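Data first, discussion second: the structure below is written as structure tokens.
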Amino acid sequence: MRFGRLVAVLGVLVVMGCGNAALPAGQGGGVRAPTDPLSLVGTWQLNDAGDASGAVVRLAAGRISIEQGCRTLDGTWRAGWDGLFVADVTAGSPCPGDTDAAALSTPQWLAQAVRFEPVGTDAMLLDAAGARVARLSPSDAPPLPYQEAPESTVTDEARRAWQEPVPLPSAVVADGDLVGRWTPAGGGGSYAEFAATGEWTGSDGCNGDGGRWLTGSEGSFLASQAAATTLLGCPGVPVGSWLGQAARAGFDGATLVLLDASGAEIGRLERL
């Protein structure tokens with residue numbers, strides 16, 4: 001079958017305010033059998049999520065949409081072979097008469113979800129303590145009129161980008177603290193800043209960006225990426241795209257190294 005911006009890893013399990021949670025840094029919640037994250041791709045009905053239950057959740061590779069009545073939320077998600085899951089909402093279409101901006105923000109159940117676990121034909125979304133925050137069940141909701149392909153379509157490009165990541169190279173170690181502000185060499189104002197609450201903000205030197213981030217064991221790393229908040233062309237370094245592609249993060253001395261699933265180095269950042 002198939003199966004969705006959060007979290008950091010720091011030492012002890014911390015449950016943050018406002019419905020956010022953080023995992024202990026460097027700990028992916030224990031050893032588990034690898035699970036293909038692209039098994040989550042498809043159309044689902046949301047269950048066990050309070051008032052949000054009954055919504056249609058559509059997961060394409062990297063994109064999520066949530067349809068609840070007349071309201072639609074759109075965003076990004078990533079998941080790992082170790083069961084890590086990170087997602088958030090970046091845009092939405094309100095219902096007529098909607099005046100509450102929070103209605104188009106990341107819903108609490110999605111903000112709390114940091115792991116996924118297939119159970120039969122369903123997929124469970126779990127919080128940092130391992131408690132269920134939502135259950136996804138297969139849905140026969142028809143595709144949207146503007147969709148070029150059904151949600152279940154997985155391209156060869158997506159399969160390569162979401163393959164099980166190779167281990168970190170021997171010169172790069174997983175132990176280290178990502179929290180703080182980082183910049184690429186010669187970045188011209190480009191940076192990424194990781195907060196202990198699991199959010200990151202950044203810039204390519206002109207355009208603002210941000211999302212949620214999560215780390216697991218052996219340097220596994222996931223980050224969701226919002227659309228740029230400004231539309232300026234910029235010669236700076238696309239740090240947000242680096243984070244969105246990274247499957248592992250480690251340290252070469254004091255330098256943060258980001259690698260994709262194939263083990264290819266995406267970029268290096270230095271702490272400011």
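Read-outs: derived from the displayed coordinates by stated rules, not from any lab. Since this is a predicted model, take the numbers as computed values, not measurements. All Cβ positions, glycine included, derive from the backbone under ideal geometry; neighbour counts span all protein chains shown.
Here VAL166 passes the criteria (1) surrounded by fewer than 17 Cβ atoms within 10 Å (Cβ to Cβ); (2) among the aliphatic types (A, V, I, L, M); (3) within 18 Å of PHE85 (Cβ to Cβ) except the one numbered (3). Taken over segment 180-206, the criterion of being outside any strand (DSSP E or B), touching a strand residue (DSSP E or B) at 6+ places or on another chain (Cβ under 6 Å) and within 25 Å of PRO37 (Cβ to Cβ) is satisfied by GLY198 alone. Scan segment 110-123 and give yes if some residue there is within 20 Å of the chain's Cα centre (by Cα), in a helix (DSSP H, G or I) and over 24 Å from ALA49 (Cα atoms), otherwise no. Checking segment 110-123: not a single residue is within 20 Å of the chain's Cα centre (by Cα), in a helix (DSSP H, G or I) and over 24 Å from ALA49 (Cα atoms). If we scan segment 193-205, do we find a residue that is surrounded by 14 or more Cβ atoms within 10 Å (Cβ to Cβ) and over 26 Å from ASP74 (Cα atoms)? Checking segment 193-205: not a single residue is surrounded by 14 or more Cβ atoms within 10 Å (Cβ to Cβ) and over 26 Å from ASP74 (Cα atoms). Candidates in segment 90-117 are the residues that are in contact with a helix residue (DSSP H, G or I) (Cβ under 7 Å, 6 or more places away or on another chain) and more than 24 Å from PRO167 (Cα to Cα); of these, the one that is surrounded by the most Cβ atoms within 10 Å (Cβ to Cβ) is PRO107.
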